[in-house]
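Written out below as structure tokens is the structure these notes cover.
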Amino acid sequence: MTTLNYIDIKRKVKIPNKDSDQLAEFFGILTGDGYIGKYRNNHVIEIAGNKLKDKDYLENHVSKLMYSLFNLKPNIYFRKEQNTMYAKIQSKFILEYLISKGFKMGVKGRINIPDWIKEEDKLMLYFIKGLFDTDGCIWFKRKEGKLYPGITIGSKSDLLLLDIRPFLINRGISSYFATIKYPKGRYKSSFNVYQLQINGYKNVTNWFQKIGSNNKRNIDRFNEMIKLRNLKKL
């Protein structure tokens, strides 16, 4: 890992001096909707989200998390032609630190969970929370005349979800692993997307008791589920 350059010294950039819940959650967020890479002389770390559904999450929680970890306030910008917004920081020092901690630069592909996270249960919980808040959702469908809830987490990495599944099972949260195949046609080549599907009121309630969420859209959806079931809020 390189030393601080003049620009990062001037900005008082820092990196964590130890593994933490915040760092594990940030890695989950990066794994879900994040990107790190080099473009010309720029070293970019950015998190994407829906500009309507994730605006509060990016502007508040993610921005504060990045500032707490690196002492840099991210720039928030929007893509006019898309429903997308980004929280972005630029720092060679931070980018190389993230690589040294096991995050993949550029296209993530079959990304997996770094060992330093997998080796500690509490860090795994925070990693999964960050992943859920970016690449997951709560949904409802009608089944036998009643609304039935579930959680879906999607990824192009089967390795990632297959690491998470037994961890959840050990905590009483059962799931179904699914492979969705997208054939060549409208795409340049065929590819697979993988999902963990966590179904039912019991499993969703267990999720929020043991893992939770920091994204308002997920919390609001969960509270809607509670209202439907006349359950006491957690």
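The values are calculated or read from the model by the stated rules, or taken from the named source; none is laboratory data. Everything numeric in this text was worked out from a predicted model, so none of it was measured. Note: ideal-geometry Cβ built from the backbone for every residue, glycine included; neighbour counts use all protein chains shown.
Miscellaneous remarks
- Residue check for LYS122: basic (Lys, Arg) and surrounded by 15 or more Cβ atoms within 10 Å (Cβ to Cβ): no
- Just one of the listed residues (ILE128, ILE117, ILE47, ILE111) is in contact with a Pro (Cβ under 9 Å, 6 or more places away or on another chain), closer than 20 Å to SER155 by Cβ and either crowded, with 22+ Cβ neighbours inside 10 Å or not charged (D, E, K, R) (or both), namely ILE47.
- Scoring GLN209 on the criteria (1) closer than 29 Å to LEU52 by Cβ; (2) among the polar types (S, T, N, Q); (3) touching a strand residue (DSSP E or B) at 6+ places or on another chain (Cβ under 6 Å) leaves a single failure, condition (3).
- Tabulated pairs, segment 97-108, first surrounded by 19 or more Cβ atoms within 10 Å (Cβ to Cβ), second among the aromatic types (Phe, Trp, Tyr), C-beta under 7 angstrom, 6+ apart or interchain: PHE103/PHE27
- Residue within segment 60-82 that is without any contact (Cβ under 8 Å) to a residue 60 or more places away in the chain, of a type in the set (A, V, I, L, M) and farther than 28 Å from ASN5 by Cα present: no
Listed here are the residues, each with its yes/no results for (1) basic (Lys, Arg); (2) outside any loop (DSSP other than H, G, I, E, B).
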{"residue": "PHE93", "(1), (2)": "no, yes"}
{"residue": "LEU98", "(1), (2)": "no, yes"}
{"residue": "GLY102", "(1), (2)": "no, no"}
{"residue": "ARG110", "(1), (2)": "yes, no"}
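- Out of GLU46, GLU25, GLU59, one residue alone is charged (D, E, K, R), within 16 Å of GLY130 (Cα to Cα), in a strand (DSSP E or B) and not assigned by TED's automatic domain parsing to the domain that holds LEU162. It is GLU46.
- Looking only at segment 164-213, residues that are farther than 14 Å from GLY154 by Cβ, among the basic types (Lys, Arg) and more than 19 Å from the chain's Cα centre (by Cα) come to 5 in all.
- Residues (surrounded by 19 or more Cβ atoms within 10 Å (Cβ to Cβ) and either among the hydroxyl-bearing types (Ser, Thr, Tyr) or part of a loop (DSSP other than H, G, I, E, B) (or both)) located in segment 4-22: VAL13, ILE15
- Residue in segment 20-71 that is modelled with the lowest pLDDT, counting only those that are farther than 16 Å from LYS216 by Cα and among the aromatic types (Phe, Trp, Tyr): TYR39
- Counting only helices (runs of 4 or more DSSP H) that sit completely within segment 116-234, those holding 2 or more residues that are under 19 Å from HIS61 (Cα atoms) and without any contact (Cβ under 8 Å) to a residue 12 or more places away in the chain correspond to 216-229.
- Residues located in segment 50-96, provided they are crowded, with 19+ Cβ neighbours inside 10 Å and farther than 23 Å from PRO16 by Cβ: ASP54, MET85
- Of the residues making up segment 200-214, those that are touching a Gly at 6+ places or on another chain (Cβ under 9 Å) and under 16 Å from THR134 (Cα atoms) are SER213, ASN214.
- Filtered by the rule that a residue be basic (Lys, Arg), at pLDDT below 95 and under 29 Å from ILE169 (Cα atoms), segment 85-143 gives LYS104, LYS108, ARG110, LYS141, ARG142, LYS143.
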